[in-house]
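Taken together, the values in this text are just the output of simple stated rules run on the coordinates, not laboratory data. Owing to the predicted nature of the structure, the values given are computational and were not obtained by experimental measurement. We place every Cβ from the backbone using ideal geometry, glycine too, and count neighbours over all the protein chains shown.
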Amino acid sequence: MIKIPQALSGLLACVIGILMSSGAIAADSDIVVVGGEGADCIEDPGCVNRLHPDIPMAARARPGQTILFRTRDARDALGAAAAQTTEPDTLNGDFSRVHPITGPVYIEGAVAGDVLKVTINNIDPGPYAWTMGGSSGFIPDLVDGQSLVIWRLNRIYAESDDLPGIRIPNGSFPGVITTMPGPNQLRVMLEREQALADAGGRVSLPMADGADPAALCGPNGSARDQCLRTLPPREHGGNMDIRYLKTGVSIYLPCFIDGCGLAIGDLHYAQGDGEVSGTAIEMSADVWVTTEILKDGPDLSRGPHFEGSAQLLDIPSRRFYAVTGIPVKNAGDVPPDMRYLNSDVIAGLENLSNDINLAARNAIDGIVDYITSTYGYNRQQAYVIASVAVDIRISQLVDAPNVGVTAVLPLDIFIGN
């Protein structure tokens, strides 16, 4: 048997995806196609925006059979990739409908307790995308105002009139890839998130408005207070936003219900580790995957696993500039995400012990300052650049009290003067 090098194999998958999406070759009749119908997720029988074990399956597929997920952008504002004909000049979309996910798909032969191995074979981006920045995301108190960037996409790079002099290379991946929670997992997740909300923590509790499927999760639905929002990741996967889940990677997800209920959405054309403004380059896309059922898979009780080529871990640039952060602050300051603790101790300290969150804030603030002072962008623009291109990496966790975080900026994205 002839072995095809991995890089060539990925290129062939890319070419096949282009030909199939353009109609130059007919799609294999054995491919299961899910989603992409209707003007939005509510009208699409292959789309939902909540998680619950009783959500009806949109399709069935055998292990090894190719599944084509026709996905929608995170706010369901652009439509499916094939429906995008003109560049948008603004962005609509009800936040209660975040995230539309394509599926769920019943994997034949899978039962609760199995592990589902999902391999991404190809991702075909839509023509347009968007990123939001400003007073949201990880450091909302350090960036004033709000901004919107509309991107034009091809299979090589993204560019925008809103960020002249920038080209972001294609690093497409699904932000959301998930199976459905089982009844026991749903109960545990609802109880622990409600307890955190009661303590003042930031949590996305069930919301019936805008929920799909409405019959189960909507205002008059039978489980309107029990359908999980898709915003945080959980043990079954979900909105993991891991930029390494690209073509060629396999993700291991737990099956909590028979058939697993595989769903994919929130496609990103590119993202830096951290997605610090709260959004990446958000797009609709067509995604081809295959699955395998593992009867004795890895322990996924604390979250999914994944594997792939080590080349995917590299930054997409020949040169970089990095800013480091340690957990220090001004006396009297309390970071926004710590205010719910109501601790007078935090305000009085200038150094927090081993606090990765504060170290990351300082690294991101520093890289935003560097982008503005070096390249002339304003802080909102720099925040967007950090979200779609800067990798936030843990440097060390053991040198108490000052753990280290590094923000790595690829310099090849700057093509202007």
Rounded Å value of the spacing that divides the Cα centres of the stretch 330-380 and the stretch 75-122: 34
For C217, C255, order by how many other beta-carbon atoms lie within 10 Å, fewest first: C255, C217
Cut-off 13 Å between beta-carbons: net charge of the residues surrounding I166, Lys and Arg +1, Asp and Glu -1: -2
Sequence-distant residues sharing a close amide H with N121 (under 5 Å, placed H): G248, W288, V289, T290
Added length on full extension, which subtracts the Cα-Cα distance from 0.36 nm per residue, Q146 to V398: 87.0 nm
Residue-by-residue Karplus 3J(HN,Hα) for the stretch 296-311, coefficients 6.51, -1.76, 1.60, Hz, glycine and proline x: 9, x, x, 6, 10, 5, 10, x, x, 10, 8, 8, x, 5, 5, 4
Residue order, fewest to most beta carbons within 10 Å, for S395, S387: S395, S387
Per-residue HN-Hα couplings for the stretch 317-323 [Karplus 6.51, -1.76, 1.60; θ = phi - 60°; Hz; x = Gly/Pro]: 6, 7, 9, 8, 10, 10, 10
Choice from L78, L228, L205 showing the highest fluctuation, given a GNM over the chain with Cα pairs closer than 10 Å: L205
Candidates M180, M57, M283, ranked by Gaussian network fluctuation over the chain, Cα under 10 Å, top entry: M57
Longest segment of the chain lacking GluC sites (Glu not before Pro) that sit in a DSSP loop with at most 15 other Cβ atoms within 10 Å: 109-349
Efficiency of FRET from Cβ geometry, S96 and E37, R₀ 22 Å, rounded to 0.05: 0.55
Helix runs (DSSP H) in the chain reaching 20 Å along axis by Cα, Kyte-Doolittle at least -1.0: 6-22, 183-198, 356-375
Burial ordering of T178, T230, fewest other beta-carbon atoms within 10 Å first: T230, T178
Amide H contacts of V111 (H built 1.01 Å from N, under 5 Å, at least 5 apart or other chain): G259
Cut-off under 5 Å, modelled amide H: who pairs with R60 long-range: Y106
Nitroxide proxy distance, nm - points 7 Å out along Cα→Cβ at D225 and I415: 5.4
Cα gyration tensor, the stretch 6-313 - rounded (a/c under 1.5), prolate or oblate: rounded
